[in-house]
Each structure stands twice: as C-alpha cells, then as structure tokens.
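Chemist: The structure follows.
The values are calculated or read from the model by the stated rules, or taken from the named source; none is laboratory data. As the structure is a prediction and not an experimental result, all values here were calculated from the model. In this analysis, Cβ positions are derived from the backbone assuming ideal geometry, glycine residues included, and neighbour counts consider all displayed protein chains.
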Amino acid sequence: MVEIVPVMDLINTIAVSGKSGERKTYKPLNSIYSHDSNPVSIAHALKINNFNEIYIADLDLIERKGNNLQQVKLINSIIPVMLDCGIRNFDEFKFFLDFAYKLIIATETLDSIDELHKIFNKFPKERIVVSVDIKDNELYSKSENFNLSLDEFINELESLNPNEIILLDISKVGTFSGVNQKLISKFSTLNEKIVLGGGITKEDLELMDDLGVKKVLIGSAIHNGEIK
C-alpha cells in the first residue's frame with residue numbers, strides 16, 4: 001500500500017496553501033487538523049493520526065526572504081521532517097542538516113550538477129532527497145549553470161542512485177488535476193525510489209501500485225479531509 005506524506009508550506013511562521021507554485025497568491029492554510037494555521041499544531045495532529053513524516057517547504061528560505069527554521073526544528077522533534085529550503089550548493093546542505101531529518105535538493109534552486117555530486121560524495125543517502133521539479137513538462141531550474149534536459153538528468157540520477165527522488169509537477173500543485181502518467185513512465189528505471197507529488201487525488205492513490213510508486217506527497221487533499 002502506498003505511503004502518504006502530508007505536505008505543509010510555510011511563510012512568515014504560518015502554514016499556507018496555494019496553487020501551481022504561484023506563491024504570491026498563497027493564503028493561510030485551512031486544515032482539518034487545526035483550528036488555526038499554526039504549523040506546530042498541525043504537525044502534532046498529523047503525528048497523532050499516524051503519519052510517519054512530513055514534507056515542509058520553507059517558502060521564505062526558497063525565495064531568500066527570511067526563514068521558518070525555528071518552527072521547522074520544533075516540528076522535526078515531533079515528526080521527522082523532509083525539508084525543502086531552497087538548497088543551492090554543498091555548503092548550504094551542510095548547514096541545514098541541523099534542522100531536519102532529510103533535506104531536499106530541488107532542481108528549481110540547485111546551482112549545478114557538480115554541487116549535487118559533491119553532496120552525494122560526502123553525506124549519507126538517508127539524509128538526501130532529490131526533487132525533480134517539472135513545469136509545463138520540462139525540467140525546471142532557476143540556475144543558468146543547471147542546463148540539463150530531463151533525460152540527461154535522469155541519467156545522472158541513475159548514476160547517483162538516491163534512496164528517494166521526488167517527482168514534483170509544479171503546474172499541478174493544489175489543482176486536484178491528477179497525476180501525469182506520461183511523466184512517471186520516463187522514470188521506469190527508478191520507480192521504487194519515486195515520491196510523487198502535485199495534484200494527486202483520492203482516485204489516483206488506486207493507480208500507485210500499477211505505476212510502481214511507493215510514496216506520495218499530498219497537501220490540499222489531506223488538509224481538506226478528502227484523504228485521511
């Protein structure tokens with residue numbers, strides 16, 4: 001049975017929600033797991049409801065507009081955190097290891113493929129999660145030095161052999177539009193490592209076994225109670 005990892009985005013110390021990665025439109029999260037948007041309260045409730053870990057995106061850190069590290073570290077003492085904090089290079093990865101159980105290295109913010117190799121050469125794979133960020137069916141990166149195609153990056157991943165690879169279709173986040181099966185099929189050699197995210201619905205969960213996916217990231221459908 002597929003494992004569900006709840007998702008929580010943080011801005012200015014509170015949990016927020018939005019669609020398709022348009023961060024300027026994000027609003028305080030209305031979750032069935034809390035009477036307010038306090039991320040620590042929500043994390044406590046998720047732990048009580050038997051979730052094993054939580055994915056947190058610190059959107060302030062990703063945008064370099066501050067941080068929510070105090071909240072992240074406290075949540076990590078409650079439930080293990082898989083943290084996306086906009087890591088760009090080896091030095092940042094080393095620094096943020098103090099705040100979460102696992103750190104996400106996302107193609108959106110990674111400086112270069114060389115920095116990814118440095119991280120894998122130094123740190124245990126148990127602490128590393130690679131996020132393949134997809135926007136409009138293309139590999140998404142903000143760095144001019146990270147200019148690989150999706151197929152080229154898949155080859156790199158096959159060489160690095162991470163324990164976990166997030167496949168995140170940013171265009172689908174918060175849309176309930178279903179999974180991109182064509183995209184998943186590109187990762188057939190890495191299926192058992194895939195953590196799928198972006199637009200996943202309750203109906204999609206029934207497809208995961210057929211697709212070979214063992215773990216999924218779910219935000220909106222967890223917090224509105226559609227998926228328990």
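Chemist: Considering the range 123-138 alone, what residues qualify as being in a strand (DSSP E or B) and in contact with a strand residue (DSSP E or B) (Cβ under 7 Å, 6 or more places away or on another chain)? Break it down into steps so the answer makes sense when it comes.
Modeler: Looking only at the range 123-138, we keep the residues that are in a strand (DSSP E or B), and these are 128-135, 138.
Of everything in the range 123-138, those that are in a strand (DSSP E or B) and in contact with a strand residue (DSSP E or B) (Cβ under 7 Å, 6 or more places away or on another chain) turn out to be 128, 129, 130, 131, 132, 133, 134.
Chemist: Could you please find all residues in the range 123-151 being polar (S, T, N, Q) and within 14 Å of the chain's Cα centre (by Cα)?
Modeler: Residue satisfying the conditions is 131 alone.
Chemist: Just checking, which of 177, 149, 141 is within 27 Å of residue 206 (Cα to Cα) and either modelled with pLDDT under 95 or surrounded by 18 or more Cβ atoms within 10 Å (Cβ to Cβ) (or both)?
Modeler: On the way: 149 fails: within 27 Å of residue 206 (Cα to Cα); 141 fails: within 27 Å of residue 206 (Cα to Cα).
Answer to the check: 177.
Chemist: Restricted to the range 45-93, and to residues that are surrounded by fewer than 15 Cβ atoms within 10 Å (Cβ to Cβ) and of a type in the set (D, E, K, R), which residue is nearest to residue 167 (Cα to Cα)?
Modeler: Restricting to residues being surrounded by fewer than 15 Cβ atoms within 10 Å (Cβ to Cβ) and of a type in the set (D, E, K, R), the top hit is 63.
Chemist: Separate question: Would you pick out the residues in the range 187-219 that are under 14 Å from residue 133 (Cα atoms) and either aliphatic (A, V, I, L, M) or at pLDDT 90 or above (or both)? I'd like the intermediate steps shown before the answer.
Modeler: Residues of the range 187-219 that are under 14 Å from residue 133 (Cα atoms), as a first pass: 187, 194-199, 217.
Those that are under 14 Å from residue 133 (Cα atoms) and either aliphatic (A, V, I, L, M) or at pLDDT 90 or above (or both): 187, 194, 195, 196, 217.
Chemist: May I pose another question? So which pairs qualify, if the first residue must be in the range 137-148 and over 14 Å from residue 116 (Cα atoms), the second must be of a type in the set (Gly, Ala, Ser) and at pLDDT 90 or above, the Cβ gap must be under 7 Å, and the two must be at least 6 apart or on different chains?
Modeler: 139/149
Chemist: Separate question: Failed condition for residue 78, given (1) of a type in the set (A, V, I, L, M, F, W, C); (2) part of a loop (DSSP other than H, G, I, E, B); (3) over 15 Å from residue 39 (Cα atoms), with all others met?
Modeler: (3)
Chemist: What's the total number of residues in the range 9-41 that are free of Cβ contacts under 8 Å to residues at least 40 places away in the same chain, hydrophobic (A, V, I, L, M, F, W, C) and touching a strand residue (DSSP E or B) at 6+ places or on another chain (Cβ under 8 Å)? So that I can check it myself, show each step before the final result.
Modeler: First, the residues of the range 9-41 that are free of Cβ contacts under 8 Å to residues at least 40 places away in the same chain: 14-15, 22, 24-28, 34-41.
Checking which are hydrophobic (A, V, I, L, M, F, W, C) leaves us with 14-15, 40.
The next check asks that each one be touching a strand residue (DSSP E or B) at 6+ places or on another chain (Cβ under 8 Å); those that pass are 14-15.
Selection size over the range 9-41: 2.
Chemist: List every residue pair whose Cβ atoms lie under 6 Å apart, where the two residues are 6 or more positions apart in sequence or sit on different chains, the first residue falls within the range 102-130 and is free of Cβ contacts under 8 Å to residues at least 60 places away in the same chain and farther than 18 Å from residue 167 by Cβ, and the second residue, located anywhere, is among the small types (Gly, Ala, Ser) and surrounded by fewer than 17 Cβ atoms within 10 Å (Cβ to Cβ).
Modeler: Final answer for the pair search is 111/143.
Chemist: Any residue at all in the range 64-82 that is under 15 Å from the mean Cα position of the chain (by Cα), more than 20 Å from residue 4 (Cα to Cα) and of a type in the set (A, V, I, L, M)?
Modeler: Checked against the condition, which is being under 15 Å from the mean Cα position of the chain (by Cα), more than 20 Å from residue 4 (Cα to Cα) and of a type in the set (A, V, I, L, M), the range 64-82 yields no hits at all.
Chemist: Let me ask another. Working only within the range 171-228, note down all residues that are among the β-branched types (Val, Ile, Thr), more than 26 Å from residue 151 (Cβ to Cβ) and in a helix (DSSP H, G or I).
Modeler: Taking the range 171-228 and keeping what is among the β-branched types (Val, Ile, Thr), we get 173, 175, 179, 184, 189, 194-195, 200-201, 213, 216, 218, 222, 227.
With the extra rule that they be more than 26 Å from residue 151 (Cβ to Cβ), the set shrinks to 201, 218, 222, 227.
Listed by number, the list holds a single entry, 222.
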